[in-house]
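To keep things clear, I will list the structure first and then write my remarks on it.
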Amino acid sequence: MDFRFKELLRFFQSKIQNLKSKITRLSETEMSNVLEDRPSANATLAVANCEDGDGRILLVDDEESVRSLLFDFLSESYSCETASSTREALDKLAVEQFALVISDMIMPGLSGVELLREVSAQYPETAVIMLSGVNRAQRVMDAVRLGAFDYLVKPCDLDVLERCVERAIERRTLRREARRYKEDLERRNEELAAQKLELERLQAQLVHSEKMASLGQLAAGVAHELNNPAGFIIGNMEILKECAEDIKRLLLFYDALQFAPEIAAQIAALQDEIGYKHTLGDLRSIIEDCREGAERIRNIVQNLRTFSRLDEAELKRVDLHEGINSTIRLLSRYYSAPDITLRRNYSDLPAVECYAGQLNQVWMNLLVNAAQAVSSKGVCVTVSTRLEEEMAVVSVSDTGCGIPAENLGKIFDPFFTTKPVGEGTGLGLSIAYGIITRHGGRITVESCAGRGTTFTVYIPVNARLFEIMDDDAEAIGYTT
C-alpha cells in the first residue's frame, strides 16, 4: 500500500505541474475554444485516432487499484479502457480497436500470457506490454517469444512506463504506415504491370499497322508486277483455247479419213486455213511463256511471304540477305526508276537468330526512306553488310538530300515526319528503333544535309546476347 500511495502522490504532483504548464502555454484561440465549449484541433485529432485504434489503450489487471493508477496516469494523453480479466479484455478487443494492451501477467482464470497469445494471433497490429511483480528471465523470454513489445516489473517507474507506451504507439503507427505504403506500392505495381501490358498491346498494334501501311504502299508496285505476267497468261490461254478448237476439228477430219479417203483434199485445205504447222510451232513458246509468267507470280507471292513472315511465332535462325533481297524485290516500283541506282555490298554473315518478319519491316522502312530521298541529280542507294564480333551489321546509305541537323534528334520519335500530309505516318523509324532494341541491338544514323544519310543497324547473331545488350544505354546514336 505504501508503494501505491507514493505512486499516486507522484501522479497528482505530475498532473498539477502539467496543468500549470498548459495554462502558461494556452493561446488566446485555445482559451476561446474552452470558453465557448468548442473542440480544439487536438481533440478532433484524438477522436479521429480513436476511430482506427490509434492512441487507444486497454488496461488489464485484476487489481482495481492498479487499473485506476494506470488509467489516471495515461488517460491524460490517451484514450483508455479497462478490463479486470483476460476474458473481458478479449470481449472488448472483439468489438473495438486498440493500439496497445497493458496487461498483468498473472491473473485468475486465463492468464496474461493467454491474452498475449490471443492478441498476437488475432490482432497483430496491437502492441502488448506485460507487467509482472516477478523479475524472472524465463518469464521475460516467454513474453518476448510470444510477441510482447516490452516487459516491465512492478512496481514500475511511471516515467519508464510512459516512454515505453510512447515507443509502442509509435511502432504501431510506423507499422501501419509501412503496411499502407506496401499496399499502395503493390497497387501501383499492379497498375504499372497493367499499363505495361497495355503499352505492349498498343506497340504490337502499331507494328502491325505500320506493316499494313507498308504493304499498302507496295500494293501499286505489286499490282503492276502481277498484272504483266497475269495479262499474258490470260492472253495465251485464249490463244491455246482457239488452237485446241482448231486441232479438235482437224482430228475429227483425220478420224473421218479412214472412212472417206476422198476428203484428204479438205484436210489439206483446213491445215492451210488454221496455220497448222505454225500453230504447232507456237504451242511450245506459248506454254513456256505461261510457265514463266506463273513463275514470276509465284516469286512475287514468295517475296511477300518472306517479307511478312506471317507464320513466325518464335525466334528462328535466318539469312538476313534473303530478307533484304526479298524486300528490295518488293520495292521494284522504287528501285526500277531511272534516277535511282542500287548497289549491294554483302559480306558473309552467319544465320541470325531473330524474328525475321520484324527485321524485314526495318529493312522496308530504311529502303523506302532511302529511295524517297532522291534529289534532282538522282540518288545512289548502297546496302552493305558485315560482321563485327558477335554483331551482324547492316548499313543503308543514300546520296540524297540528307536530314537537317535540327531533326536528327527527333527522327525516331513517334509520329515525327517531314513528309507531306498523307505520305507518312511518322511511325516507321520509331517502330524500327523499337524492333532493333527488342532484339538487343542498336541503330545509329549519320547524315549531312545535301550529301546523304546512312542508317546502321547492329543485331546480335545469337539470341543469348539479348539480355546482355538490354542494359546498353547507348541504343541509339546521332552523328552529323
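Of all residues in the stretch 70-115, those that are under 18 Å from residue 55 (Cβ atoms) and among the charged types (D, E, K, R) total 5.
Considering only the stretch 434-480, state which residues are among the aromatic types (Phe, Trp, Tyr) and modelled with pLDDT under 90. Correct list: 466, 478. Residues of the stretch 81-99 that are in contact (Cβ under 8 Å) with a residue 24 or more places away in the chain and among the β-branched types (Val, Ile, Thr): 82, 86. The set of residues in the stretch 106-135 that are touching a residue at least 40 places away in the same chain (Cβ under 8 Å) and either surrounded by 15 or more Cβ atoms within 10 Å (Cβ to Cβ) or under 16 Å from residue 149 (Cβ atoms) (or both) comprises 107, 112, 115, 125, 126, 127, 131.
Going through (1) on the phi > 0 side of the Ramachandran plot; (2) at pLDDT 65 or above one by one, residue 301 falls short only on (1).
For the stretch 71-80, which positions are crowded, with 19+ Cβ neighbours inside 10 Å and free of Cβ contacts under 8 Å to residues at least 60 places away in the same chain? The one that is crowded, with 19+ Cβ neighbours inside 10 Å and free of Cβ contacts under 8 Å to residues at least 60 places away in the same chain: 80.
Scan the stretch 325-336 and give yes if some residue there is modelled with pLDDT of 70 or more, assigned to a helix (DSSP H, G or I) and closer than 20 Å to residue 433 by Cβ, otherwise no.
Initial filter on the stretch 325-336 (modelled with pLDDT of 70 or more): 325-336.
Now narrow it down to the ones that are assigned to a helix (DSSP H, G or I): 325-330, 332-335.
From the residues that got through so far, the ones that are closer than 20 Å to residue 433 by Cβ too are 327.
Yes, the stretch 325-336 has at least one match.
Please work out if residue 83 is modelled with pLDDT under 85 and either over 25 Å from residue 178 (Cα atoms) or buried (at least 18 other Cβ atoms within 10 Å of the Cβ) (or both). Criteria not met by residue 83. With respect to residue 170, determine if the residue is out of contact with any strand residue (DSSP E or B) (no Cβ under 6 Å at 6 or more places or on another chain), assigned to a helix (DSSP H, G or I), not assigned by TED's automatic domain parsing to the domain that holds residue 58 and not basic (Lys, Arg). The answer is no for residue 170.
The values are calculated or read from the model by the stated rules, or taken from the named source; none is laboratory data. Quick caveat, the model's predicted, so the values are computed rather than measured. Backbone-built Cβ (ideal geometry, glycine too); neighbour counts: all protein chains shown.
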